[in-house]
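Comments concern the structure below.
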Amino acid sequence: MSTGTVFDIQRFCVDDGPGIRTTVFLKGCPLHCVWCHNAEGLSGKVQLYYSAEHCIGCQICQAVCPVQAHRFTDSGHTVDFSRCITCGACVDACPNESLRLAGKLMTAEEVLSEVVKDQPFFESSGGGMTLSGGEPLMQGEFAISLAKLAKERGLHVCIETSGFCNHETMKSIAQYVDLFLFDYKHSSPEAHKRYTGVENKIILENLEFLETLEKPVILRCPIIPDCNDTKEHYGAIAALANRMKNIIEIHIEPYHPFGVSKYTALGLTAMYNSQEMMPKDASEQAAETVRALSGKNVIIS
Amino acid sequence: MNYHHGFYLKRLKDTFGAEFHGMSDPVREAHLFRKTLELYPLHIEKNDLIAGWYGYTSREALESVYVPEPEPVLKSTREKRPVDWLRAHGYSPGGYDRAHHEVDYKTILTRGIDSYIQEVENELQNSENSEEKTEYLKGMLISLKGAERFSTRYAELAEELARNTDDGADKARLLRIAAACRKVPMKPPTDFLEAVQAAYLIRTLNCLSSYTCCSVSFGSFDQYMYPYYRVSKENGMTEDEAIAILLQLFRMLDNTSGNDCALSVGGVDENDNDATNELSYILIKAEKKSKLRAPLFTARINRNTPKEFMRELVSKELFEMGQPSFYSEENCRAAVAGRGIEPSVARNFQISTCMNLVIANAEAAHGWGCKVNCHLPLELALNGGKPLVGELPLEFKTKPRTEYKSIDEIYTQYRSYMIELFDIAMDWNQADTVLQAKHQPNAWLSALTDDCIKRGKDRWDGGARYHNLIIEMMGFANTSDAITAIDRLVFEQGKYTIDDFIKAAQANYEGYEQLHKDILHCDKYGMNIDRADRNARRLLDINAEICEAKSAENRRYLPSLHTLWEDVLWAKGRPAFLDGRLSGEPVNKNAGPSTSARRAGPTCTAISACKINQIRYSGGQALDVHIGIRNMDSIANRDKIAAYIQTYFKMGGLQLQVNGLSVETLQKAYDAPQEYSDLLVRIGGHSRYFRDFDDNMKKKFIERFKIEEGAFG
């Protein structure tokens, strides 16, 4: 029985493929994009997540913690994440949901039983299940099992992926996936490595492989000020889309800062911590440039 | 101009009271209605296309004739103390309901008021009439004839204004109004302007006759107005001209009724084909343009509702105004038929106010009938016949007990207490309604209600074919969640006793934090978990059965899950519940789950709500969901919301209120995060609960939303 670490199952998702979708977020990612807004997806392990906004200062967590990870001082509640063994004692005790565990070990069957609860909505809207993360293919075996089970239940399956996985994993999952939401983060190999931690060679090979299978792909392009908001990058997106017939649509994803606070909640430091959203006219200009050069359907999501 | 209203014209009564002294109740009340119609200040504003403004031009002018306190309520001769005790425990028995009415506009427009006068005069010729019936018919006649004076006054005012203007176009416009008001509502209208004029005057007369504008509705406006619209269109009326008439109608409604006057679009024809028409679309355009509270825009959705119509209804402009409320044609019809009404009659149901389903031509509907505290019988069952807090010194026939081995035993005891509480409340309600109907009858509304002329009776006093009372089940989800938690933590795990639950709730869970947390972690209705949803259904089936058993003759008690805003206001006065809800916290809203279960998301909420036998709750209910989609301009996204709505109806839902993101919603969520704990915001594939943003990010999100979405508010 295949098991994996899941950090969320979100229902009524409208941006993760066609129709109404239920998106399963798997933990762990081989990339470390500086702008990542899903910080709980970076590590493959279960993590403590502390929302300071909801802490009422009752100090119960301090009392039940076996490793003294929680401290209350004059400056308030501090969490020493390096001590935390994610036993969950503080989570159980917290009266105001200030603490939770990001990540839960689940079998593919358990996940699917949650997903299929929404089947009436999939049927009426042409929706289905989307695998996301993190990088869902980092838990390749689990992701493949889940996608296979979903197909056996007749569900439409999408996967949001960076494309950074070995060829065999991509080959295996492709047979169970109807639509790939494939990230395209940077056109320059050097810059790709600088901003994501990995080169884009494997990613492009996997994208080309999907073309040979004629698997439909939506290219998802995060646009990050001072990282990849250049005409050269927009031109490269368009060129790629023009070259590959299986790219059916391009999504421009302008930077937003709503994921920055998650880093603090996990005891991490955001590498790209701009508090400003990308201006609307800048994202519209990016979309317009790509649209003009590619002739494909380009939307801002 | 804002006009101020005061329907309790005490000065009027003081002035004319002596004139009508000694007359029978229906004749006296009819004369007072007639005097109101003769004396109430009327207005026609610059550029008006139809007449209809009324009221005082300043608060001071109103106060010179208006005494805010209502007439002394006629005292019921019945013992009231048990009812007062029940009130202290959130069990409101209601009483005579002046508001919540709707008439059959289609028939009235077709016939004209003159034909009702003729019918009453014919009935008066019946030599077998009792004196009581004759007096009631006289009251009807006075009331109906008063309508002619009212519309003629508008005609005279328009003619006077026309005489005083040199502008040719202005004069023509005013004379058009005058001509319409000399004709309608006494004679049938022949074109769109006359029909809208007639409908608005009839509605105004309905309001004035009942001394309230609250919840006085219009029904399926696009259906009964369509023939008149077509005539005008064939005679050259443009879409802009039709919209201008509707916008004035909406402005006048807004001045008198807020957002409780329902106006429906959509529906089916006599062969069950979709009946959406050109006027339906024009009404949506007018509604989007008006941006007013009124009317309460309601959409009747059937299996064949066109995709294009759904796209027009699922729009950013409407959602930001909290409009429309969606109703399932097929399920609502089944619910009305479930009351024991013939299917051929049930198909004519109309939507009235915020959730009533009525047979407009033949019903006296008590729309805000009785609020039932669903949690109180559970308290009595578990606490030896006593409420958790305070006293309830009633002598119950139910034998008290405190020991239970299963939830089956708890349900049996719950049912027994609920029957006793319901009997006390409804017996009082019935007595009060009949007493009021006899002494302050409404002969105008009764004349427009089928059978009342033939019977010579008030609609509330046996005149109407159907006499329905809505029974609002307050806090049902909290109550069933409490039973689910007891089942889990007491009977299954043995971790706590029922006494632990009672002591903890009595202490508002202070000192019982672990139990509180354990309760909150139990399965809840609304999370699409069968165990919890089964308890909700079981509880509601028991309560429905009690309502059905109490119904007799033409009087029906219709269970409802409607809470309006009482989920917050009513709940403020309620102590802690056994489901972990703290003192003063909101209870579940309408058919939705309790606060702690809301975050399961809109699909879970919808599926859970459809596990309830909604058809049996024909008193009406809405399911309120928040859809956090930012980009409502996208047709794909609108289609997804439309699919959600239609799936809910396919699964058995009656009514759905979808709240999209708006500046107003976000601001409310900022100010009261607990009440919007389920508000999920989505941006570029990133989803988070709004409450989880820190303060700075919440402000940023709202600010950004205002700029990007061009939202008003």
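The values are calculated or read from the model by the stated rules, or taken from the named source; none is laboratory data. Being a predicted model, the structure only gives us computed values, none of them experimental. Virtual Cβ from ideal backbone geometry, glycine too; neighbours counted across all protein chains shown.
You will find that of A:CYS29, A:CYS84, the residue that is out of contact with any Ser or Thr (no Cβ under 8 Å at 6 or more places or on another chain), surrounded by 16 or more Cβ atoms within 10 Å (Cβ to Cβ) and away from chain B (no Cβ under 14 Å) is A:CYS84 and no other. Go through (1) within 14 Å of chain B (Cβ to nearest Cβ); (2) within 24 Å of the chain's Cα centre (by Cα) one by one and return the number of the condition A:SER2 breaks. Result: A:SER2 passes all but (1). Scanning the range A:285-300 for residues that are in a loop (DSSP other than H, G, I, E, B) and either more than 13 Å from chain B (Cβ to nearest Cβ) or buried (at least 20 other Cβ atoms within 10 Å of the Cβ) (or both) gives A:GLY295, A:LYS296.
Which condition number does A:SER261 fail, the rest of (1) more than 21 Å from the chain's Cα centre (by Cα); (2) farther than 18 Å from A:LYS185 by Cα being met? Of (1) more than 21 Å from the chain's Cα centre (by Cα); (2) farther than 18 Å from A:LYS185 by Cα, only one is false for A:SER261: (1). Does the range B:639-657 hold any residues that are more than 8 Å from chain A (Cβ to nearest Cβ) and either among the polar types (S, T, N, Q) or buried (at least 22 other Cβ atoms within 10 Å of the Cβ) (or both), and which are they? Those that are more than 8 Å from chain A (Cβ to nearest Cβ) and either among the polar types (S, T, N, Q) or buried (at least 22 other Cβ atoms within 10 Å of the Cβ) (or both): B:ILE641, B:ALA642, B:ILE645, B:TYR648, B:PHE649, B:GLY653, B:LEU654, B:GLN655, B:LEU656, B:GLN657. Looking across the range B:85-106 at every residue that is part of a loop (DSSP other than H, G, I, E, B) and of a type in the set (A, V, I, L, M, F, W, C), the one that is modelled with the highest pLDDT is identified as B:VAL103. Mind checking which residues of the range B:628-637 are within 10 Å of chain A (Cβ to nearest Cβ) and in contact (Cβ under 8 Å) with a residue 40 or more places away in the chain? Across the range B:628-637, the qualifying residues are B:GLY628, B:ILE629, B:ARG630. Residues that are more than 17 Å from the chain's Cα centre (by Cα) and outside any helix (DSSP H, G or I) were ranked within the range A:150-176; the one that is surrounded by the most Cβ atoms within 10 Å (Cβ to Cβ) is A:LEU155. Taking the range B:308-395 as the region of interest, the helices (runs of 4 or more DSSP H) fully inside it that hold 1 or more residues being modelled with pLDDT of 95 or more and of a type in the set (Lys, Arg) are B:329-337.
Against the definition (modelled with pLDDT under 95, within 30 Å of B:LEU654 (Cα to Cα) and not hydrophobic (A, V, I, L, M, F, W, C)), how does B:GLU513 come out, yes or no? No, not satisfied.
State whether one or more residues within the range B:290-310 are in contact with a Pro (Cβ under 9 Å, 6 or more places away or on another chain), farther than 20 Å from B:GLN621 by Cβ, of a type in the set (A, V, I, L, M) and surrounded by fewer than 24 Cβ atoms within 10 Å (Cβ to Cβ). No; the residues of the range B:290-310 include none that is in contact with a Pro (Cβ under 9 Å, 6 or more places away or on another chain), farther than 20 Å from B:GLN621 by Cβ, of a type in the set (A, V, I, L, M) and surrounded by fewer than 24 Cβ atoms within 10 Å (Cβ to Cβ). Consider the range A:92-120 and keep the residues that are of a type in the set (A, V, I, L, M, F, W, C) and outside any strand (DSSP E or B). The one that is farthest from the other protein chains (Cβ to nearest Cβ) is A:ALA108. Under the condition of being among the β-branched types (Val, Ile, Thr) and either surrounded by fewer than 18 Cβ atoms within 10 Å (Cβ to Cβ) or within 29 Å of the chain's Cα centre (by Cα) (or both), the residues counted in the range B:14-62 number 4.
Residue by residue, here is whether (1) within 21 Å of B:LYS517 (Cβ to Cβ); (2) at pLDDT 95 or above; (3) under 23 Å from the mean Cα position of the chain (by Cα); (4) of a type in the set (D, E, K, R) holds:
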site	(1), (2), (3), (4)
A:ASP80	no, yes, no, yes
A:CYS84	yes, yes, no, no
A:GLU109	no, yes, yes, yes
A:LYS117	no, yes, yes, yes
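The set of residues in the range B:458-501 being of a type in the set (Val, Ile, Thr) and touching a strand residue (DSSP E or B) at 6+ places or on another chain (Cβ under 7 Å) consists of B:ILE470, B:ILE471.
Collect the residues in the range A:53-81 that are outside any loop (DSSP other than H, G, I, E, B), surrounded by 11 or more Cβ atoms within 10 Å (Cβ to Cβ) and not β-branched (Val, Ile, Thr), keeping them in residue-number order. Across the range A:53-81, the qualifying residues are A:GLU53, A:HIS54, A:CYS61, A:GLN62, A:ALA63, A:HIS70, A:ARG71, A:PHE72, A:HIS77.
Beta carbons closer than 8 Å, at least 6 apart along the sequence or on distinct chains, pair a first residue in the range B:434-463 that is more than 18 Å from B:ALA360 (Cα to Cα) with a second that is at pLDDT 95 or above and among the hydroxyl-bearing types (Ser, Thr, Tyr) for B:PRO441/B:TYR136; B:GLY456/B:SER130; B:GLY456/B:THR134; B:GLY456/B:TYR136.
All conditions but one from (1) within 14 Å of chain B (Cβ to nearest Cβ); (2) modelled with pLDDT of 95 or more apply to A:PHE180; the one that does not is (1). Can you find a residue that is within 22 Å of B:ASP692 (Cβ to Cβ), at the interface with chain B (Cβ under 10 Å from one of its Cβ atoms) and surrounded by fewer than 21 Cβ atoms within 10 Å (Cβ to Cβ) anywhere in the range A:9-26? Yes, some residue in the range A:9-26 is within 22 Å of B:ASP692 (Cβ to Cβ), at the interface with chain B (Cβ under 10 Å from one of its Cβ atoms) and surrounded by fewer than 21 Cβ atoms within 10 Å (Cβ to Cβ).
Scan the range A:121-157 for residues that are of a type in the set (Phe, Trp, Tyr) and within 14 Å of chain B (Cβ to nearest Cβ) and the total you get is 2. If we keep just the residues of the range A:244-280 that are at pLDDT 90 or above and under 14 Å from A:SER301 (Cα atoms), which is nearest to the other protein chains (Cβ to nearest Cβ)? The qualifying residue nearest to the other protein chains (Cβ to nearest Cβ) is A:GLU253. Selection of the range B:483-530 for residues being within 12 Å of chain A (Cβ to nearest Cβ), among the acidic types (Asp, Glu) and assigned to a helix (DSSP H, G or I) yields B:GLU513, B:ASP518, B:ASP530.
Before we move on, is B:ASP450 of a type outside the set (S, T, N, Q), surrounded by fewer than 23 Cβ atoms within 10 Å (Cβ to Cβ) and part of a helix (DSSP H, G or I)? Against the criterion (of a type outside the set (S, T, N, Q), surrounded by fewer than 23 Cβ atoms within 10 Å (Cβ to Cβ) and part of a helix (DSSP H, G or I)), B:ASP450 does not qualify. Being touching a strand residue (DSSP E or B) at 6+ places or on another chain (Cβ under 7 Å) and of a type outside the set (A, V, I, L, M, F, W, C) holds for only one residue in B:HIS375, B:HIS366, B:HIS439, and it is B:HIS366. Residues of the range B:531-551 include at least one that is modelled with pLDDT under 95 and assigned to a loop (DSSP other than H, G, I, E, B).
For the criterion of being in the same structural domain as B:ALA198 (by TED's automatic domain parsing), farther than 18 Å from B:VAL216 by Cβ and free of Cβ contacts under 8 Å to residues at least 12 places away in the same chain, B:ASN277 fails.
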